[in-house]
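Notes follow once the structure below has been shown.
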Amino acid sequence: MRFEVSTQGRGDFIDLTEPVAAAVKRSGVKEGVATVFVSASTAAVTTMEFEKGLMSDLRALFERLAPAAGDYEHHQRWGDRNGAAHMLAAIIGPSVSVPVVDGVLNLGTWQQIVLIDLDEGPRSRQIEIAVCRSN
Ligand code: ZN
């Protein structure tokens with residue numbers, strides 16, 4: 001299943017748990033795995049508690065790890081300004097896989113599936129969800 005998400009960029013967090021849970025339900029899979037993937041090199045998918053304080057803390061961490069105004073070789077090669085976004089997306093990764101147990105995502109109580117858009121401004125992101133049955 002594929003769908004589009006509109007984001008604001010610059011550390012925008014989007015909770016994908018509900019659409020992924022709906023895809024699992026529609027699939028009819030009882031035991032297996034759900035993989036969520038963003039087709040982009042400046043956005044990432046992870047799991048975290050979807051909570052504003054943590055989002056703020058993570059934005060501060062991103063800025064310490066890779067300052068947005070930093071000077072990166074990517075900027076010189078391509079003439080753009082999103083080198084920090086590319087690096088953070090590479091570190092966090094584009095996907096997560098979550099076990100499906102008894103027909104539902106086996107997430108922790110405070111664990112959501114979250115898209116993080118790291119690019120400079122609003123984007124439209126394509127999300128792919130694949131639900132596979134285990135034998
Ligand atoms: Zn770039």
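The values are calculated or read from the model by the stated rules, or taken from the named source; none is laboratory data. None of the values given here were measured: they were computed from a predicted structure. When the accessible area is computed, the model is the full protein with side chains, heavy atoms only, and any ligands, DNA or RNA have been set aside. Shrake-Rupley method; radii C 1.70, N 1.55, O 1.52, S 1.80 Å.
Could you calculate the contour length gain from Ala69 to Glu120, that is, 0.36 nm times the residue separation minus the distance between their Cα atoms, to one decimal place in nm?
Values: separation 51, 0.36 × 51 = 18.36 nm, distance 1.07 nm.
Roughly 17.3 nm would be gained on extension.
Evaluated at q = 0.09 Å⁻¹, a Debye calculation over the C-alpha positions of the chain (equal weights, vacuum) places log10 I(q)/I(0) at -0.29. Computed over protein heavy atoms with a 1.4 Å probe, the carbon and sulfur contribution to the accessible area of the chain reaches 53%.
Skip the ligands, DNA and RNA, and give the accessible area per residue of segment 63-103 with a 1.4 Å probe, whole Å². Numbers along the way, then the final one.
On the way: 2580 Å² over 41 residues.
For segment 63-103, the per-residue accessible area is 63 Å².
Once the chain from Glu49 to Asn106 is taken as fully extended at 0.36 nm per residue, the excess over their C-alpha distance is 19.1 nm.
When Asp15, Asp119 are compared by accessible area of protein heavy atoms, the largest-first order is Asp15, Asp119, using a 1.4 Å probe. Using heavy atoms of the protein chains and a probe of 1.4 Å, the accessible area assigned to Arg10 is about 120 Å². Backbone amide hydrogens, once placed in the peptide plane, bring Gly11 within less than 5 Å of Asp117, Leu118, Asp119, excluding anything fewer than 5 places away on its chain.
Where does the chain land at 222 nm, in deg cm²/dmol rounded to the nearest 500, when only DSSP H runs of n ≥ 4 count, each adding -39500 (n - 2.57), divided by all residues? Intermediate values should be presented prior to the final figure.
Working: 4 runs with 41 residues, N = 135.
Theoretical 222 nm ellipticity from helices: -9000 deg cm²/dmol.
What number does segment 58-117 give for Rg over Rh if you use C-alpha atoms and the Kirkwood radius? Walk me through the intermediate numbers first.
Details: Rg = 16.1 Å, Rh = 13.9 Å.
Looking at segment 58-117, the ratio lands at 1.16.
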